[in-house]
Amino acid sequence: EDQVTQSPEALRLQEGESSSLNCSYTVSGLRGLFWYRQDPGKGPEFLFTLYSAGEEKEKERLKATLTKKESFLHITAPKPEDSATYLCAVQQIRGGSQGNLIFGKGTKLSVKP
Amino acid sequence: GAGVSQSPSNKVTEKGKDVELRCDPISGHTALYWYRQSLGQGLEFLIYFQGNSAPDKSGLPSDRFSAERTGGSVSTLTIQRTQQEDSAVYLCASSLAEATDTQYFGPGTRLTVL
């Protein structure tokens, strides 16, 4: 069964304490892996797309990496405003043009000043 | 520019009533998706529209759920005879054209069925 598993479910950090979030996936053919950020009461906000193993992307304090089985979202020197739920999603290679995302349950990050 | 908009932002209804949720995608986006986010669960795919092609309804949980997209733009998700388990946040996303394009999400509609 195709699935996406994120760990940990929740992560509490002190401001400036770097860490990583994990997303492991089992799908029959990966077209792309997506990271989103979701604040309470809002829709997911796009962060990154990764397409192939070895690929890395960075944005401010965030860096996403991809292997054949998992992706990591590294947060360097986080600030309180980085507190949010981080969602990982995969898109499968299928016949036709269908492109729905399969989401993990997310990691809720809290950064304390 | 304007992002994806959804209305209403909140909807409270009684069990057995029908509800309609609306999504306005980003202008020029031809692909539109509906997802559902239940408490403690990940986002769950419901339905996908791409241009004038027949929609992919493979994620709809029951025949009480339906959706349409008029004129290739606005979409309406209808839930008939609502049940308490339908309570969730319903999210709409749109993308430019291809299935591989980034999906941009709206703020969602929080549905509560009493």
Legend entry - residue B:64 accessible area, assembled protein chains, probe 1.4 Å, Å²: 30 Å²
Inset, instruction - Give me a single rounded figure for A:101-108: the average over its residues of other chain Cβ atoms within 10 Å of their Cβ. - result: 4
Inset, instruction - Distance from a point 7 Å along Cα→Cβ of residue B:18 to each backbone N in segment B:28-54: keep the residues under 20 Å and list them by number. - result: B:47
Legend entry - Phi-based couplings in Hz for segment B:73-90 (Karplus 6.51, -1.76, 1.60; Gly and Pro marked x): 10, 4, 10, 10, 9, 10, 10, 9, 6, 4, 10, 4, 6, 7, 4, 4, 9, 9
Inset, instruction - Relative to the compact-globule scaling 2.2 N^0.38 Å, provide the ratio for the alpha-carbon radius of gyration of segment B:5-107. - result: 1.02
Legend entry - Residue pairs, from the table A:79/A:108; A:108/B:15; A:69/A:105; A:63/A:108; A:42/B:15; A:105/B:11, whose Cα atoms sit over 21 Å apart: A:108/B:15; A:42/B:15; A:105/B:11
Inset, instruction - Could you work out the mean projected area of the convex hull around the alpha carbons of the protein assembly as shown, in square nanometres to one decimal? - result: 12.5 nm²
Legend entry - Spacing of the two label points (7 Å from each Cα toward its C-beta) at residue A:19 and residue B:27, in nm: 4.3 nm
Legend entry - q = 0.15, 0.20 Å⁻¹: log10 I(q)/I(0) that the Debye formula gives for segment A:1-91, counting C-alpha atoms only: -0.54, -0.96
Legend entry - Inter-probe distance in nm under a simple model that places probes 7 Å from Cα toward Cβ, at residue A:46 and residue B:81: 3.9 nm
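The values are calculated or read from the model by the stated rules, or taken from the named source; none is laboratory data. This one's a predicted model, so the numbers in the text were calculated from it and none came from an experiment. Glycine also receives a Cβ, built like all others from the backbone with ideal geometry; neighbour counts cover every protein chain displayed. Only protein heavy atoms, including side chains, enter the accessible area calculation; ligands, DNA and RNA are left aside. Shrake-Rupley method; radii C 1.70, N 1.55, O 1.52, S 1.80 Å.
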